[in-house]
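The structure appears below as structure tokens.
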């Protein structure tokens, strides 16, 4: 005879996870960790950390853990820079490289925005241009170098062409993406309100696409320097790239490291300029409010 317990209804109590079993998502943990520090403290840390790297680097070099032929001390690199400035070489070469980069950036950026806007608005323009641009984008700079020398020789035009080409692609891609990601409901609202096509583009499409376009500008600034390094390997007697190539021939590691530091410094300043542009042009955007925290 079955026991009474066999007919007793089974009750399932809810399983309550222990406090240790509940894990906090990683983004939340990072936000809580960041909340312990003020904005001023975090900014100070970001400024101090490069100095810590320099101190460690200098210490290793002075202790003999780094060979001067492999990686010279920061003080040695700084002395080399001062010496080249005194000779009148470094500032002149920096000015030439900056002029090449700026000229190529303006040309490539203008073409990138123009083509990206046309393709973003028109499927016909996409059929004409997009596939060709994507094929060009897949070609490495070094593969184009021999052809550029044949086309332009070893003058300034070839170097500016390579920089413009490097700038064009990220701005083009992000311009197309930004235009096509504009909320269709906003466009429909604008049409319902009777906005003309020009006003619709000026008041809705361009502001909506601007965050993506400015992201393309930031990428393009990095691409401009990458293209410039390749461009300045063409026969030349001026520019930061020429300094590095000339130093390689004479095994001047201090000059090579100095040029790398200059490229890095200019890249940081260019990115800071792009961030400032974002904060200025996107003050209305909630994701860029309060100083453009991202």
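The values are calculated or read from the model by the stated rules, or taken from the named source; none is laboratory data. As the structure is a prediction and not an experimental result, all values here were calculated from the model. Cβ sites come from the backbone with ideal geometry, for glycine too, and all protein chains shown count toward neighbours.
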Please verify whether the stretch 253-261 includes one or more residues that are surrounded by fewer than 17 Cβ atoms within 10 Å (Cβ to Cβ), assigned to a helix (DSSP H, G or I) and at pLDDT 85 or above. yes
Cβ-Cβ under 8 Å, sequence separation 6+ or interchain: first residue in the stretch 265-290 and modelled with pLDDT under 85, partner outside any helix (DSSP H, G or I). Which pairs? 287/294; 288/282; 288/294; 289/283
Could you name every one of the helices (runs of 4 or more DSSP H) located completely within the stretch 70-158 that has at least 3 residues being under 27 Å from residue 255 (Cβ atoms)? 74-86, 90-121, 141-152
Quick one: count up the residues across the stretch 185-232 that are out of contact with any helix residue (DSSP H, G or I) (no Cβ under 6 Å at 6 or more places or on another chain) and not in a helix (DSSP H, G or I). 4
Tell me the residue from 220, 264 that is surrounded by fewer than 19 Cβ atoms within 10 Å (Cβ to Cβ) and either under 30 Å from residue 92 (Cβ atoms) or over 23 Å from the mean Cα position of the chain (by Cα) (or both), please. 264
Counting only residues in the stretch 137-156 that are touching a helix residue (DSSP H, G or I) at 6+ places or on another chain (Cβ under 6 Å) and within 15 Å of residue 100 (Cβ to Cβ), the one surrounded by the fewest Cβ atoms within 10 Å (Cβ to Cβ) is identified as 152
I need a count of the residues in the stretch 157-181 that are surrounded by fewer than 19 Cβ atoms within 10 Å (Cβ to Cβ) and in contact with a helix residue (DSSP H, G or I) (Cβ under 8 Å, 6 or more places away or on another chain). 3
